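As structure tokens, the structure follows; a few thoughts come after it.
Read-outs throughout are calculated quantities, based only on the coordinates presented, and are distinct from any laboratory measurement. Predicted model, so just to flag it, every value in this text is computed and none were measured. Glycine also receives a Cβ, built like all others from the backbone with ideal geometry; neighbour counts cover every protein chain displayed.
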Amino acid sequence: MSLDTQKYINNFSTTLQAIVAGGDVTISIPAAQSALLGAIAANEYFVGTMSDGSSLEVIWITGNNLSGTLTIERSKEGTSAISYAVGDAIECRTTKGTLETLRDHAARHIAGAADEIDGDQIDIDFTPTNYTPDTTPAEASSVDHLSAHLAGIDDFLGYTNIMSAYGVRWTTNTSSPIMTKGIVAGGVFVPFAYTEHPIQAQMKRCVTDASLALKYYLKESDSTKKADGTDANIDGTDGQAMVQTRKFECLDVTDGNYRYLIVGWQPFYLTKSDSSVVQSIVHPWFWEGGVLADHRYMSAFEGVLYDDAGEDYADGTGSSLYASGDKIHSVAGYIPMTYISRAEMRVACAVDSPYHAHGYWGDHAIMMLYLTEYATWNSQLALPGYTGGGGWDLTKRCKTGITQTLGNASGSISWGDANSGLRCTYDFSGTPTVIVANSFRGIENPFGHLWKWVDGVNFEFIGDPLTDAKIYICNNPADWAEDTATGYDDLGLDLPLTSGYQSALHPGTFLPSSVAGGGSDTFITDYYYASAAAGWRALWSGGALDGGAAGGFAFRLAYNAGSTRSADFGGRSEA
């Protein structure tokens, strides 16, 4: 009997219990996993993969004795049968072949079945909007049957979308900031305009105490409420308002003129054009200090000063307020703290351990999640922020919490729609559509309003005239310090020595490698300020309310030392 029915199972992954030679057609796995896989009829099979860590073979699992022995067919989809050791991985995955079968073959209905459409075929394009009958629409004997058929295909595509790694492909040698969305199956990037974002959808606002213990989640659509609908306190009474992000796998790979940014729940791999295989990793944000965490937390709001002497929160004034013992917290209802150096921000955020200042890898993770959802560098167009406030004015600063009405959703809020008790006192009534706050998945003002310090990265500009601008990063908050490379990794890369709109980024980073030919609506679309002289420099990100076209997620300022204080320089915490 032919194998004509492919079976599916969610997240099946196990290890080999015995050596497998290149010609073996039976393999051993744990009995419990064999039972979980279930019975396989004579015409059925699972598509699986076996991997020794560097090579991968696609197989069909055609038999299962339910106690640990599987019967397999080898060398599927152009892969080669090799030998495997005890402990090597075997998984059931969505592969390139599965998706191509779905894309290329017409769906057949059995004559006389409940969903028969005159026994004809239905052409299935990979784009779900392009289903058409082989002949004419009149051939469909029942609209209900046709609708049911298409709904089933959509369900499968949705399943494939959720279970696969997904992300974007950026063509680096073209000026367009737009990226191509797609999923990764069988190591191949398949263009697909997915609309679900399962990793981003798990980003949740919550309230945590001084030790980072979770007190409660906030309501998905309204951060003034707890998830159960009762009133929440996000003014610091119950703790800090944070955005919880689950651990995820990622790839940031450059292959010729393509750069791939891919995320997924489970490990995955990508095969490059030279046939080399790149394996996904847990995003480094979840490996801070060499310790793996299941979740990380980003402040829901820009940092607010807790005055240790006065034992209360205080509005930022744009002048020096910080004193030893003060804290920076994520709470709603206050003007964020500014005029604070990076070293002071570092100390103030970390008074309540394990909180710390916003770091390089946290910044990288949030930008990667933004890009894999919106598929464009032009963040000001995709998610408008508070960058169009005109000239800098202290009265244009807003209090934290304007986006609490968005809950966990992304969006932008204009001056006219903002809570009058939280929006700036500057009168924008003549232009009420000016955006005064945005939020990405619960993170308020990821760019705009105020510059944000980014810790864990130092730049060393060298020479007179300048010849180098070295980049050093550190993934251990305990080692973060100013004006040093000690405890930091030298990336062996240099920032541009002149300012301008970014046109290229260093592979694996969101830091500029070139500003040649860049513009506010081309390439990266965001500006970069280089240092004008030799010395150690720190990083600010996102721009302020007067950033204009230069602002955005990737707006970078490497002009000043970490000791700099300014009325428009603030920050945020994470943990």
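What do you get when you divide the Cα radius of gyration of segment 5-93 by 2.2 N^0.38 Å, with N the number of residues?
0.96
Long-range amide H contacts for ALA504: which residues qualify at under 5 Å (H placed 1.01 Å from N, peptide plane, sequence gap of 5 or more or a different chain)?
Here SER513, SER514 satisfy the definition.
Under the 0.36 nm per residue contour assumption, what length would be gained going from the current alpha-carbon distance of ALA18 and LEU493 to full extension?
Answer, rounded to one decimal: 166.5 nm.
Name the residues whose placed amide hydrogens come within less than 5 Å of the amide hydrogen of SER414, ignoring near sequence neighbours (fewer than 5 apart) on the same chain.
When sequence neighbours closer than 5 places are left aside, the close amide H contacts are VAL436.
Quick one: if the Förster radius is 45 Å, what FRET efficiency do THR5 and SER353 give, using the C-beta to C-beta distance and rounding to 0.05?
Once rounded, the FRET efficiency stands at 0.25.
Roughly how many nanometres apart are two label points built 7 Å out from the Cα toward the Cβ at SER324 and ASN257?
5.9 nm
If r is the Cβ-Cβ distance from ALA31 to SER211 and R0 is 35 Å, what FRET efficiency results, to the nearest 0.05?
According to the calculation, E is roughly 0.25.
Quick one: TYR194, TYR258, fewest Cβ neighbours within 10 Å first, how do they rank?
Least to most surrounded, the residues fall as TYR258, TYR194.
Below 13 angstrom from the Cβ of GLU574, what's the summed charge of the other residues (Lys, Arg +1; Asp, Glu -1)?
Computed value for this residue: -1.
Please list 169-179, 391-401 highest first by mean number of surrounding beta-carbon atoms within 10 Å per residue.
My ranking of the peptides, most packed first, is 391-401, 169-179.
So if I take the centroid of the Cα atoms in segment 485-541 and the same for segment 264-315, what is the distance between those two points in Å?
So the two Cα centres are separated by 21 Å.
Got a sec to turn the phi values of segment 411-416 into Karplus ³J(HN,Hα) couplings, 6.51 cos²θ - 1.76 cosθ + 1.60 with θ = phi - 60°, whole Hz, x for Gly and Pro?
So the Karplus estimates, Gly and Pro as x, are x, 10, 10, 7, 4, x Hz.
Can you match P(r) over Cα pairs in 20 Å bins from 0, in percent to one of these, (i) 22, 48, 23, 6, 0; (ii) 19, 49, 29, 3, 0; (iii) 19, 46, 28, 6, 0, based on a calculation from the structure here?
Evaluating P(r) over Cα pairs in 20 Å bins from 0, in percent on these atoms matches (iii).
Under the Karplus relation 6.51 cos²θ - 1.76 cosθ + 1.60, θ = phi - 60°, what is the ordered set of whole-Hz ³J(HN,Hα) values for segment 559-575, x standing for Gly and Pro?
Computed from phi, the couplings for segment 559-575 are 8, 10, 7, x, 7, 5, 10, 7, 5, 10, 9, x, x, 8, 10, 8, 7 Hz.
Give me the net charge for the shell around TYR166: Cβ to Cβ below 10 angstrom, other residues only, Lys and Arg +1, Asp and Glu -1.
Around TYR166, the surrounding residues sum to -1.
Per residue of segment 380-387, in order, report the coupling 6.51 cos²θ - 1.76 cosθ + 1.60 (Karplus, θ = phi - 60°) as ³J(HN,Hα) in whole Hz, putting x for Gly and Pro.
My calculation for segment 380-387 gives 5, 7, 6, 9, x, x, 7, 10 Hz in order.
For LYS219, give me every one of the lysines with a C-alpha distance below 28 angstrom, ignoring sequence neighbours fewer than eight places off in its own chain.
LYS204, LYS247, LYS327, LYS399, LYS452
List every residue whose amide H lies under 5 Å from the amide H of LYS219, counting only residues 5 or more places away in sequence or on a different chain, with H placed 1.01 Å from N in the peptide plane.
Those lying under 5 Å, H to H, from LYS219 are LYS225, LYS226, ALA227.
So what's the gap between the Cα centers of segment 18-84 and segment 340-396, to the nearest angstrom?
Segment 18-84 and segment 340-396 have Cα centres spaced 47 Å from each other.
In which sequence would VAL190, VAL457, VAL291 go, from the one with the fewest C-beta neighbours within 10 Å to the one with the most?
So the residues, fewest neighbours to most, are VAL291, VAL190, VAL457.
Compute the signed sum of charges (Lys and Arg +1, Asp and Glu -1) over the other residues within less than 14 Å, Cβ to Cβ, of THR15.
-3
If R0 is 45 Å, what FRET efficiency do you get for THR171 and ASP427 from their C-beta distance, rounded to 0.05?
0.50
Could you line up ARG93, ARG342 from fewest to most neighbouring Cβ atoms inside 10 Å?
Ordered by Cβ neighbours within 10 Å, fewest first: ARG93, ARG342.
Taking a spot 7 Å from the Cα of THR467 along the direction of its beta carbon, which residues of segment 499-534 have an amide N less than 14 Å from it?
Taking a point 7 Å out along Cα→Cβ of THR467, the residues of segment 499-534 whose backbone N falls under 14 Å are 534.
Provide the gained length on full extension for the span GLU100 to GLN266, in nm with one decimal, where the gain is 0.36 nm per separating residue minus the Cα-Cα distance.
Full extension from GLU100 to GLN266 adds 57.6 nm.
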